[in-house]
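Data block below; observations after.
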Amino acid sequence: MAKEFNLSDWARPEMLALSPYTSARDTFTATDGEWTFLDANENPNASAVNRYPDPNQSNLKKVIATLRNCTENQLLIGNGSDEVLDLIFRAFCTPYKDQVVIMPPTYGMYKVLANINSIGLIEVPLDKDFQLQTDNILSAITPTTKALFFCSPNNPSGNAFRKADIQALLDAFKGIIVIDEAYIDFCDFPSWSTALSAYPNLIVTQTLSKAFGMAGLRLGIAIAHPEIIALLKRIKPPYNINTLSQQKAIEALTDKEGIAIQIAESISERKRLEKELNAFSWVKQIYPSDANFLLIKVDDAAKRYDELLANHIVTRNRSSQENCENCIRISIGTPQENSQFIAACKSLSS
C-alpha cells in the first residue's frame, strides 16, 4: 500500500499556483513533415544549433526511462544534479521559514543551496562508521522541516547506507525525502527509485557525470511521482538542456556494453587500490566504498596531499568535513593513472 502523501500540504502554495512560462517549442512541436518556423525569433540560417532545443527533452527521456526502468512522466532532467536539487528547494521550502535536514559529512551543495535559498539547516552527523543515526534524525525534525537530503552511496565517505535505516526514514517522515544516488552504478544495491510506488514523497536524484562519463555535459536526473515532476517542471528554465548535450547523451547511452565495461573496470581498480594502499604505514584506515572513490585516513593529510601534488597527483583533502580529520579522497582513475598514483605513494616519506 502506498504511503499517504498530499503534495499540496508540502509544496509552496505560490509554486502550485504558478503559471509556467510557455515557450514556442511547447506551443508547437513538429514530429514529421517540412515546416517553416517563424514563431521563436530564432536566427533562420540553418546550423546544428540555430533552433531552440526541445524543452521537454523527449527523446533523451525515452532513453533514460528505459535505462532506469521508469516512465517518462517520472523524469526531470536538469543542468546537472545541482539544478535538480535547487528546484526541489524552491518548490517545497519557503525562505526564512522552512528547514531541511542534512547528515554530514555529505555533499556540500545541500548546505550551499539551503543558504542560497534562505532555508534553515539542521545538521545531524553520521556515526563514526558514516552510517545514518536514524533516531537522532527523527528527533531533530520540527514542524517546519520540509525535506531530508542525503546521498547513498555517500560522498565523501563512499559507503551506501543501511537499507533498514533508509526504510525507517521513509516510513516515519511525512515530508520530502531526497536520496542522491550519484554513485548508484558502482554498488550492488538497487536504486531506491524501485520504491516510488510505495513512497510518493520520495525523490531520487541521479547523474550522467559519474558512471556514464558525461560530467562535461552537465546532466542530472530526478525520478519521482509524476505530480512532483510536474511541479518541478513548472519552475525549471524552459530550455535548460541544450541541443548538443541532448544529442551527445543519447548517442553515448546507446553504448551499453562500453558503459558496463567502464563500470566493471572502476570497481576492479577500486579493489586493487584498496589492496595496494594497505601496504603503506602512513595509511591508517581505508573506509569501505560503494562508489568510484576511496576515502582514506592518513597520518597527516596536508603533508600527504602536498607530497602527492609534487608528484603531479591531484587528490582531495577532506579534513575539514565532519569526522574526516586527516582524510584524503581518491577518485578511481584508469589502470595507468592508478599505477602512477601507487608509484607516487611508494616514493612518499615514511
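The values are calculated or read from the model by the stated rules, or taken from the named source; none is laboratory data. Since the model is a prediction, treat every value here as computed from it, not as a measurement. Note: ideal-geometry Cβ built from the backbone for every residue, glycine included; neighbour counts use all protein chains shown.
Side notes on the structure shown:
- Per-region count, the stretch 188-232, residues in contact (Cβ under 8 Å) with a residue 60 or more places away in the chain and surrounded by 16 or more Cβ atoms within 10 Å (Cβ to Cβ): 25
- Those helices (runs of 4 or more DSSP H) lying entirely in the stretch 1-105 with at least 3 residues of a type outside the set (F, W, Y), farther than 27 Å from V178 by Cβ and in the same structural domain as L217 (by TED's automatic domain parsing): 24-27
- When residues in the stretch 5-32 are screened for being over 26 Å from the mean Cα position of the chain (by Cα), among the charged types (D, E, K, R) and more than 16 Å from P55 (Cβ to Cβ), 2 of them pass.
- Residues of the stretch 306-326 satisfying the condition of being more than 26 Å from the chain's Cα centre (by Cα) and surrounded by 18 or more Cβ atoms within 10 Å (Cβ to Cβ): L308
- Verdict on L294 being aliphatic (A, V, I, L, M) and within 23 Å of C151 (Cβ to Cβ): yes
- Here G33 meets the list (1) on the phi < 0 side of the Ramachandran plot; (2) surrounded by fewer than 16 Cβ atoms within 10 Å (Cβ to Cβ); (3) without any contact (Cβ under 8 Å) to a residue 60 or more places away in the chain almost entirely, failing just condition (1).
- Test for T71: is it buried (at least 18 other Cβ atoms within 10 Å of the Cβ), of a type in the set (S, T, Y) and out of contact with any strand residue (DSSP E or B) (no Cβ under 8 Å at 6 or more places or on another chain): no
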